[in-house]
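Peer 1: This structure is in structure tokens; I'll ask about it shortly.
The values are calculated or read from the model by the stated rules, or taken from the named source; none is laboratory data. As the structure is a prediction and not an experimental result, all values here were calculated from the model. Heads up, the Cβs are rebuilt from the backbone with ideal geometry, glycines too, and the neighbour counts pull from every protein chain shown. To get the accessible areas, we keep the full protein, side chains included, count just its heavy atoms, and leave off ligands, DNA and RNA. Shrake-Rupley method; radii C 1.70, N 1.55, O 1.52, S 1.80 Å.
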Amino acid sequence: MPELPEVEAARRAIEEHCIGKKIKKSIIADDPKVIDGISPSDFQASLDGKTIVAAHRKGKNMWLQLESPPFPSFQFGMAGAIYIKGVAVTKYKRSAVKDTDEWPSKYSKVFIELDDGLEFSFTDKRRFAKVRLLENPVSVPPLSELGPDALLELMQVDDLVESMSKKKIAIKALLLDQSYVSGIGNWIADEVLYQARIHPLRIAASLSKEEYESLHKCIKEVIQYAVEVDADCSRFPFEWLFHFRWGKKSGKVNGKKIEFITAGGRTSAFVPELQKLTGVPSEKSPTVKRRKQSNNEQKDKEEAGSEEEEHPKKKGRTTKPPAKGKSETSNGDEGGLKVNVKITKNKQTKMKATSKKGDKTSQTNAQQKKKTRK
């Protein structure tokens, strides 16, 4: 999915090819799930004839500054993307549009033709994006609710240490929180934690000063490098986890095994050999609880399967009716305990009877011995 580097690549492409040009024509999709709060015709009327003055970005959001408001704002969601006809914007890992596809794409939500003939389109195959027309995008949600931009406004290392040392949630969840720091998504979080050798479920407050410093360094380096190559994933360093984390398939990175867990509500790739889970996971973390429950259920299934393999005759066997006077409930539950109690009581009764019989026999023998002596 598009994260900060992909959105920044789109912004730069617009800045390079579209600034100073007038919108000759626009086509807005009739898709209220994506086009938020305005009709296609009203949206179109607000764009046509206006000049694009600038392209801005914060986190995973981009907006175009026109010669006068309102301005179109793009929240990229899971699969939002900018395509410029004849221009290579970036190479997405999971691109929805290919060079050989129809133009504009059937997934186009906003199509714009400029006065020099250049055309560009915002597409969204999965329809999780939001396109809005706003008077001042930074003053209203979602932009007004975003934390510092991870590229342009990342806090200094000392400030990060002080801030994170107070956070008692999993570090992966914290990195994904756009109100804390904006622009970091799933693949960047996995990458920086892998490079910093930090387990995604580590509690943020449990990290050492050296780990905070390493994390800060990795955030800067990963994002800056990805931006420098215009988010072209084919140019990412081969030793990055990025190349091996997709599809939830077991694999290796630099010869070390990759595993997948749920952290921060997202499927997360990590390398157990390098990213150790130390400290106590947050008790309030539903992710941790669900994962434990899932492991227990899986263990139960595996044990049940092993038992059937060891004892194939058990499979499909019929159960004999319980003996008269005995409970039908098997041992191990409350009913089973009652059966054990009944058996114990029967044994105690027999023992008492035996004891009384033995006492009578002893008395008789003693009387016979007395008579013999006399």
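Peer 1: In region 31-72, how many are assigned to a strand (DSSP E or B), in contact with an Asp or Glu (Cβ under 9 Å, 6 or more places away or on another chain) and either small (Gly, Ala, Ser) or buried (at least 17 other Cβ atoms within 10 Å of the Cβ) (or both)? Steps first, answer last, please.
Peer 2: Our first condition is that a residue be assigned to a strand (DSSP E or B); within region 31-72, this holds for 35, 51-58, 61-66, 71-72.
Okay, now just the ones that are also in contact with an Asp or Glu (Cβ under 9 Å, 6 or more places away or on another chain), so 51-55, 57-58, 62, 71.
Now drop any that are not either small (Gly, Ala, Ser) or buried (at least 17 other Cβ atoms within 10 Å of the Cβ) (or both), which leaves 52, 54-55, 57-58, 62, 71.
Residues that pass the stated criteria total 7.
Peer 1: Of these, 212, 225, which one is among the aromatic types (Phe, Trp, Tyr) and crowded, with 19+ Cβ neighbours inside 10 Å? Please lay out each step first, then the result.
Peer 2: Working: 225 fails: crowded, with 19+ Cβ neighbours inside 10 Å.
Every option except 212 fails the conditions.
Peer 1: Turning to a different aspect of this structure: Within region 228-249, restricting attention to residues that are assigned to a helix (DSSP H, G or I) and within 23 Å of the chain's Cα centre (by Cα), which residue is nearest to residue 262 (Cα to Cα)?
Peer 2: Step one: list which residues in region 228-249 are assigned to a helix (DSSP H, G or I), which gives 228, 233-235, 241-244, 246-248.
Filter once more, so that each one left must be within 23 Å of the chain's Cα centre (by Cα): 233, 241-244, 246-248.
Values: 233: 24, 241: 17, 242: 17, 243: 19, 244: 17, 246: 14, 247: 14, 248: 11 Å.
The qualifying residue nearest to residue 262 (Cα to Cα) is 248.
Peer 1: Would you be able to say whether some residue in region 93-110 is modelled with pLDDT under 95, aliphatic (A, V, I, L, M) and on the phi < 0 side of the Ramachandran plot?
Peer 2: Yes, some residue in region 93-110 is modelled with pLDDT under 95, aliphatic (A, V, I, L, M) and on the phi < 0 side of the Ramachandran plot.
Peer 1: Also, quick follow-up: Going by the conditions given, is residue 206 surrounded by fewer than 21 Cβ atoms within 10 Å (Cβ to Cβ) and free of Cβ contacts under 8 Å to residues at least 12 places away in the same chain?
Peer 2: Taking the combined requirement at face value, the residue does not satisfy it.
Peer 1: Here is a further query. Residue 174: out of contact with any strand residue (DSSP E or B) (no Cβ under 7 Å at 6 or more places or on another chain), open to solvent by less than 30 Å² (accessible area, probe 1.4 Å) and of a type outside the set (Phe, Trp, Tyr), yes or no?
Peer 2: Taking the combined requirement at face value, the residue satisfies it.
Peer 1: May I ask you to verify whether residue 134 is more than 26 Å from residue 66 (Cα to Cα) and open to solvent by less than 40 Å² (accessible area, probe 1.4 Å)?
Peer 2: Spelling it out, it is not the case that residue 134 is more than 26 Å from residue 66 (Cα to Cα) and open to solvent by less than 40 Å² (accessible area, probe 1.4 Å).
Peer 1: One residue is enough: does region 165-181 have a residue meeting the conditions over 21 Å from the mean Cα position of the chain (by Cα) and in contact (Cβ under 8 Å) with a residue 12 or more places away in the chain? Reasoning before the result, please.
Peer 2: Step one: of region 165-181, the residues over 21 Å from the mean Cα position of the chain (by Cα) are 165-166.
This time we only want the ones that are in contact (Cβ under 8 Å) with a residue 12 or more places away in the chain, so: 165-166.
Among the residues of region 165-181, at least one is over 21 Å from the mean Cα position of the chain (by Cα) and in contact (Cβ under 8 Å) with a residue 12 or more places away in the chain, which makes the answer yes.
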